[in-house]
Structures are given as structure tokens and as C-alpha cells.
1. Has the stretch 40-61 got at least one residue that is under 18 Å from G147 (Cα atoms) and of a type in the set (A, V, I, L, M)?
2. Could you grab me the full set of residues in the stretch 115-138 that are touching an Asp or Glu at 6+ places or on another chain (Cβ under 9 Å) and among the β-branched types (V, I, T)?
3. With (1) of a type in the set (K, R); (2) exposed (fewer than 12 other Cβ atoms within 10 Å of the Cβ); (3) assigned to a helix (DSSP H, G or I) as the list, and K42 as the residue in question, which single condition is left unmet?
4. Determine whether the stretch 87-110 contains at least one residue that is modelled with pLDDT under 95 and of a type in the set (G, A, S).
5. Answer with yes or no whether I21 is surrounded by fewer than 12 Cβ atoms within 10 Å (Cβ to Cβ), among the β-branched types (V, I, T) and outside any helix (DSSP H, G or I).
6. Can you run down the residue pairs with Cβ atoms below 7 Å, 6 or more apart or on separate chains, where the first is in the stretch 77-96 and under 16 Å from E160 (Cα atoms) and the partner is assigned to a loop (DSSP other than H, G, I, E, B)?
Amino acid sequence: MNNFLKSVELGISRALNLAGIVGFLGVLGITFAQVLTRYVLKTPLAASEELSRILFIWISFLGAAMVMKGNEHIRLDVVKEYIGVRMSLILELFIQVLLFLFNSVMVVQGIYLMTITTRQVTSVTRIPMSYIYLIIPLSFLIMMVFGIMIMIRLVSEFSENSKGGDTK
């Protein structure tokens, strides 16, 4: 993979890691403040639950994108034990193409969800729901980028493996 793609991957990874850390610390801080104000000051924060929920949603979707970078989503590897290296690479490429198609649909549907919720706001903080739903197309778009990078690696491995022959 060329240097440009590696630098894009590194930049996205760093941004995801930073966003995850900030989001987690945000949830931690909001939850701590809620406990403190509720039990010590006897006046609970009205928006803490809503903000924690929003941050948790964003962290979850960003975490899914981070897992896609390492190609570490849950899978069954039983079939790979019984097929050769080349067939395993072909199967993995096929799976990545299916994931790419699924991610594409999710980007489109996420954008649609954002457009139909532009006038809706959360009950306490009055944050537009479209801002909350922004994470859907954003995270799936990031997954598509990582998927393309994985497919490039697989094609490269396949061509290298074809030159040397199948090991099984």
C-alpha cells in the first residue's frame, strides 16, 4: 500500500482514537457530575442522562469503525482452516465486498435519517436529532475507507501468493 493511503489510515485512526478518548472522558465526567450533584448537592443535573446517552451512541459507532480498521469484527474462521490460502483470500475479499455494499447502504440510509429528523430536537438539551444521527453515515463512511484499504491489501497478498503458489 502506498504512503498516501498509509498516512490517510493513520490520520483517521488517530482522529478516531482521540474522539473515543474524549467521548469516554465526557461520559465519565458527566456521570461523575450527575452523581455528585444528585447525592451531595441534592439537585440533579437535568441534561446529564441525555448527554451521556448521546456520547455513548457516538462512542459505539466510532468504536465499530476502529474495529473495522483492524478487520477485527466478529467472524467464524472455521472455513479458513479447510481451504487453501488463495481460496481464503478470495473468501475474505468477497466478505469485504459485501461489507462495502452494506456500509454503502448504511451511509445512504443514515443521510436519509438525518434529513427526516432535521426539525426534531432532544427533549432536554434541544440538540437537533440530525446531529446525533450524523454519526451513522460518518462511521459507515469511515468503515468504507478502511474496507477499501483492506481490499487493496488482500489483492496485493493474492497477487504475491499467486506468484509463489498456494501453500495448501
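1. Looking for residues that are under 18 Å from G147 (Cα atoms) and of a type in the set (A, V, I, L, M), one finds none in the stretch 40-61, hence no.
2. Selection gives T122, V124, T125, I127.
3. If we test K42 against (1) of a type in the set (K, R); (2) exposed (fewer than 12 other Cβ atoms within 10 Å of the Cβ); (3) assigned to a helix (DSSP H, G or I), just (3) comes out false.
4. Yes, the stretch 87-110 has at least one match.
5. Judged against the criteria, I21 is not a match.
6. Note: pairs meeting the criteria are G84/D166; G84/K168; V85/D166; V85/T167; V85/K168; R86/D166.
A quick yes/no check of all residues on (1) in contact with a Lys or Arg (Cβ under 8 Å, 6 or more places away or on another chain); (2) over 30 Å from L154 (Cβ atoms); (3) outside any helix (DSSP H, G or I):
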site	(1), (2), (3)
V8	no, no, no
G29	no, yes, no
E50	no, yes, no
I57	no, yes, no
M66	no, no, no
R75	no, no, yes
I83	yes, no, yes
L93	no, no, no
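Table: residues versus (1) surrounded by 14 or more Cβ atoms within 10 Å (Cβ to Cβ); (2) among the hydroxyl-bearing types (S, T, Y); (3) closer than 23 Å to I127 by Cβ.
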{"site": "S7", "(1), (2), (3)": "no, yes, no"}
{"site": "V35", "(1), (2), (3)": "no, no, yes"}
{"site": "R75", "(1), (2), (3)": "no, no, no"}
{"site": "V78", "(1), (2), (3)": "no, no, no"}
{"site": "S88", "(1), (2), (3)": "yes, yes, no"}
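The values are calculated or read from the model by the stated rules, or taken from the named source; none is laboratory data. This one's a predicted model, so the numbers in the text were calculated from it and none came from an experiment. We place every Cβ from the backbone using ideal geometry, glycine too, and count neighbours over all the protein chains shown.
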